[in-house]
């Protein structure tokens, strides 16, 4: 249940962040250098993919920790604290 709530926002946020970083990089390079040739270098594109992957892994880990904590709880005690 925790993973179902963590993965979709993390995936969509990572994708939007990757797209915005590409568009932002394009705009900055166009304004400053009047050329976007450095944006389409493979190392730049790989770094954008690394950022997207980091966002996905972070969201996955953020969902795994509460799921692990909940799985270790005694149901009686968990209901008692509510």
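Since every read-out is calculated from the coordinates, none of them should be taken as a lab result. Here the structure is a predicted model, which means the values were calculated and not measured. Note: ideal-geometry Cβ built from the backbone for every residue, glycine included; neighbour counts use all protein chains shown.
Suppose each label sits 7 Å from its Cα in the direction of the beta carbon; what would the residue 39-residue 60 distance come out to in nanometres?
Distance between the two pseudo-spin positions: 2.9 nm.
Using 14 Å as the cut-off for backbone N distance, which residues of segment 32-64 belong to the label zone defined by a point 7 Å from the Cα of residue 22 along Cα→Cβ?
Label zone hits: 39-53.
222 nm [θ] for the chain, helices only, -39500 (n - 2.57) per DSSP H run of 4+, per residue, to 500?
-29000 deg cm²/dmol
Which order results if 11, 19 are arranged by neighbouring Cβ count within 10 Å, fewest first?
With the sparsest Cβ surroundings first, the list reads 19, 11.
Go ahead and run the numbers for FRET between residue 3 and residue 80, Cβ-Cβ distance against an R0 of 25 Å, rounding to 0.05.
0.50
Can you list the equivalent-ellipsoid semi-axes of the chain, largest first and in whole Å, using the square root of 5 times each Cα gyration tensor eigenvalue?
Gyration-tensor ellipsoid for the chain: 42, 11, 7 Å.
Please give the helix 42-71 orientation as an angle from the longest Cα principal axis of the chain, in degrees from 0 to 90, rounded to the nearest 10.
Tilt of helix 42-71: around 10 degrees.
Below 8 Å between Cα atoms, with a sequence gap of 6+, how large is the relative contact order for the chain in percent?
49 percent.
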